[in-house]
């Protein structure tokens, strides 16, 4: 018999709608029951494509005995973190503060008024791997709640005080300084894995915003360290199992430090940011392989995540047929059976397919031996090897398409679609792909029609009987996407819409006394804390991304108050930005934009004028991360012209592409291109 979750629309909640647990969705009904019956709350937070969420669901929440115990002694609430990132952020902070680690599924025990007193992530159904079994955890929690209420109250008070710890205004606000960025770059270099790329050790995440910091440093200073960080990481990721070598796109993260075996879910936000990053890297370096990775990643999203109602779906699951990665991996026998013998022999070596494999005898495809090295080793021409690999990819993709595909989470989330609009707009410029620009325009129109009302951005489309909410992330990402569209089209409409959304974000999320942006709006549902912060999660921090947006808007619209707000919002956390650059990567990008003088180029003319397009050819050539474009009517000028302003100094108007190119100088860099 279905439980209360059967009336929800979240794919994650619906996955639990037929479990024996008497689940409540988040809402007043659950808390009213907990207070009336004096029962602790068991809050479970996850998302539909999370492998370990599926594991815990099957092991514990499908178990009749565990479910009966939960139903008898607890009020159980299930939350989709992708629908309610605010709830996820608050209680994840509590779990990390008390255990030192976080992740999903997240399991938190609350008092009836919502204060957390104990938490963790995945719990097995019995004691194993040094972890207590979930039934033993439940018994201990219930015993503490009944027999030691004073201890529970003190724990809840301490954790809640921690969650509210940063609600006081900072004592001082340092001025924006270039040394904050430079110190962050030094910390980034210190955590770089020089052998395999990326930062830190396993599990290893792609960190696209941190890599963009290095790419910009390469542009700004020509840093050889930054060049090594960018090239090594992008090359290793592109060749690794974290990338789907057949269908394009990237999986969530690598469970090892070599990018070899991934956690297999594919997220829209990862592929948006990585597709964009590889496009920028191609623009900067001229490396054709980066162009290929960028286009195959974006093409994956367009092919497999496009929603029938417009926009793009949230994710694809890690599992199919109940097994993680089954859709993607190959036994050696299955691999060779799909291919003609000569092609199979070449492709198996290229993709590292072996008898032992990586997962239960099956191999994750990766570029184990590059084509040129393989050609030398097999005494074949490079053309022969490349042709065999291309044939193998085509045939393997055909065979794989007949397998049971992982399920798709069909939620179209404003925040993540804003990231995709920006990725498509930037890639259209970097790769010269007008079709990507058309897709960006279509996605933007979808967002404006279903998610934006008078500049306010809602997280999800309207649902009958449900109050709509929108977060700072939604406003920041959509504004960032629209700014990218403005730079790609120079259509003033997109600039004005981005500015309107930014103004609404001020109204809804900015606290003047405290000098910070909050993640939830002033009229949001009351929670035990109001989350805020500049640290990135899987997606860029809303406050940090909005600061980046405001820097660009401030320069394009000559609004110095935007720049003043950014200084107030960013620099109370200056020490953390410098020390933890991968956690604060988007904030460091905002610092970089604020502290580096930009070329603001004003074109006077009409976009349809061929002479304007000739000037644009100079402006859109190469990687220019510190360039902003705007267009104004030609007025009484005799012909179209461009004016370049750097800081508070503007050059003379120029009317021909050669003179404009001379004022701008060469594109930022072309390093190691081939």
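The values are calculated or read from the model by the stated rules, or taken from the named source; none is laboratory data. Given the structure is predicted, the values throughout are model-derived calculations rather than measurements. Neighbour counts run over all protein chains shown; Cβ positions are idealised from the backbone, glycine included.
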Report task. Give the residues of the range 327-350 that are closer than 17 Å to residue 242 by Cβ and either surrounded by fewer than 21 Cβ atoms within 10 Å (Cβ to Cβ) or in contact with a strand residue (DSSP E or B) (Cβ under 8 Å, 6 or more places away or on another chain) (or both), sorted by residue number. Result -> 327, 329, 330
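What residue, of 43, 13, is touching a residue at least 12 places away in the same chain (Cβ under 8 Å), in a helix (DSSP H, G or I) and crowded, with 22+ Cβ neighbours inside 10 Å? Let's see the steps before the verdict.
Values: 43 fails: in a helix (DSSP H, G or I).
Exactly one of 43, 13 is touching a residue at least 12 places away in the same chain (Cβ under 8 Å), in a helix (DSSP H, G or I) and crowded, with 22+ Cβ neighbours inside 10 Å, namely 13.
Give 603, 628, 556 a once-over and let me know the one that is in the same structural domain as residue 494 (by TED's automatic domain parsing) and not in a loop (DSSP other than H, G, I, E, B). Let's see the steps before the verdict.
Details: 603 fails: in the same structural domain as residue 494 (by TED's automatic domain parsing); 628 fails: in the same structural domain as residue 494 (by TED's automatic domain parsing).
Result: 556 is the single residue among 603, 628, 556 that is in the same structural domain as residue 494 (by TED's automatic domain parsing) and not in a loop (DSSP other than H, G, I, E, B).
Give the residues of the range 351-377 that are part of a helix (DSSP H, G or I) and either surrounded by fewer than 20 Cβ atoms within 10 Å (Cβ to Cβ) or without any contact (Cβ under 8 Å) to a residue 40 or more places away in the chain (or both), sorted by residue number.
Going residue by residue through the range 351-377, those that are part of a helix (DSSP H, G or I) are 351, 371-377.
Residues satisfying the conditions are 371, 372, 373, 374, 375, 376, 377.
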Report summary line: Note on the range 239-268: residues assigned to a helix (DSSP H, G or I) and surrounded by fewer than 23 Cβ atoms within 10 Å (Cβ to Cβ) are 239
Query raised in the report: Do we have residue 404 as part of a loop (DSSP other than H, G, I, E, B), touching a residue at least 24 places away in the same chain (Cβ under 8 Å) and either touching a strand residue (DSSP E or B) at 6+ places or on another chain (Cβ under 6 Å) or under 30 Å from residue 463 (Cα atoms) (or both) here?
Result: yes
Report task. Output the residues belonging to the range 559-575 that are in a helix (DSSP H, G or I), without any contact (Cβ under 8 Å) to a residue 40 or more places away in the chain and under 18 Å from residue 630 (Cα atoms). Result -> 560
Report summary line: All conditions in (1) under 25 Å from residue 82 (Cβ atoms); (2) in contact with a helix residue (DSSP H, G or I) (Cβ under 8 Å, 6 or more places away or on another chain); (3) surrounded by fewer than 24 Cβ atoms within 10 Å (Cβ to Cβ) are true of residue 463 except (2)
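Go through the range 73-192 and tell me which helices (runs of 4 or more DSSP H), entirely inside it, have 2 or more residues that are within 30 Å of residue 313 (Cα to Cα). Spell out the reasoning first.
Numbers: elements: 85-99, 134-147, 149-163, 178-190.
Per the criteria, 85-99.
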Query raised in the report: How about the range 310-333: which of its residues are assigned to a helix (DSSP H, G or I) and without any contact (Cβ under 8 Å) to a residue 12 or more places away in the chain?
Result: 333
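Just checking, which of 413, 389 is in contact (Cβ under 8 Å) with a residue 40 or more places away in the chain, under 32 Å from the mean Cα position of the chain (by Cα) and assigned by TED's automatic domain parsing to the domain that holds residue 459? So that I can check it myself, show each step before the final result.
Numbers: 389 fails: assigned by TED's automatic domain parsing to the domain that holds residue 459.
The conditions single out 413.
Looking only at the range 485-494, count every residue that is in contact (Cβ under 8 Å) with a residue 12 or more places away in the chain and either at positive phi or over 23 Å from the mean Cα position of the chain (by Cα) (or both) and tell me the total. First the steps, then the outcome.
Residues of the range 485-494 that are in contact (Cβ under 8 Å) with a residue 12 or more places away in the chain, as a first pass: 485-492, 494.
Keeping just the survivors that are either at positive phi or over 23 Å from the mean Cα position of the chain (by Cα) (or both) gives 489-492.
Total satisfying the criteria: 4.
Test of understanding: among 33, 21, 75, which residue is crowded, with 23+ Cβ neighbours inside 10 Å and farther than 30 Å from residue 255 by Cβ? Give the steps one after another, and end with the answer.
Details: 33 fails: crowded, with 23+ Cβ neighbours inside 10 Å; 21 fails: farther than 30 Å from residue 255 by Cβ.
Matching residue, one of 33, 21, 75: 75.
Based on what the data block shows, is residue 592 farther than 19 Å from residue 491 by Cα, out of contact with any helix residue (DSSP H, G or I) (no Cβ under 6 Å at 6 or more places or on another chain) and assigned to a helix (DSSP H, G or I)? First the steps, then the outcome.
Working: farther than 19 Å from residue 491 by Cα: yes; out of contact with any helix residue (DSSP H, G or I) (no Cβ under 6 Å at 6 or more places or on another chain): no; assigned to a helix (DSSP H, G or I): yes.
Against the criterion (farther than 19 Å from residue 491 by Cα, out of contact with any helix residue (DSSP H, G or I) (no Cβ under 6 Å at 6 or more places or on another chain) and assigned to a helix (DSSP H, G or I)), residue 592 does not qualify.
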Report task. Could you check residue 210 against (1) modelled with pLDDT under 95; (2) in a helix (DSSP H, G or I) and say which number it fails? Result -> (1)
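Can you confirm whether the range 279-301 contains a residue that is in a loop (DSSP other than H, G, I, E, B) and crowded, with 23+ Cβ neighbours inside 10 Å? Quick ask: steps written out before the conclusion?
Residues of the range 279-301 that are in a loop (DSSP other than H, G, I, E, B), as a first pass: 286-287.
With the extra rule that they be crowded, with 23+ Cβ neighbours inside 10 Å, the set shrinks to none.
No, the range 279-301 contains no residue that is in a loop (DSSP other than H, G, I, E, B) and crowded, with 23+ Cβ neighbours inside 10 Å.
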Query raised in the report: out of contact with any helix residue (DSSP H, G or I) (no Cβ under 7 Å at 6 or more places or on another chain) and either crowded, with 19+ Cβ neighbours inside 10 Å or not in a helix (DSSP H, G or I) (or both): does that describe residue 380?
Result: yes
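Would you call residue 518 free of Cβ contacts under 8 Å to residues at least 60 places away in the same chain and surrounded by fewer than 24 Cβ atoms within 10 Å (Cβ to Cβ)?
In short, yes.
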Report summary line: Among 574, 607, the single one that is farther than 27 Å from residue 459 by Cα, over 22 Å from the mean Cα position of the chain (by Cα), buried (at least 21 other Cβ atoms within 10 Å of the Cβ) and at pLDDT below 90 is 574
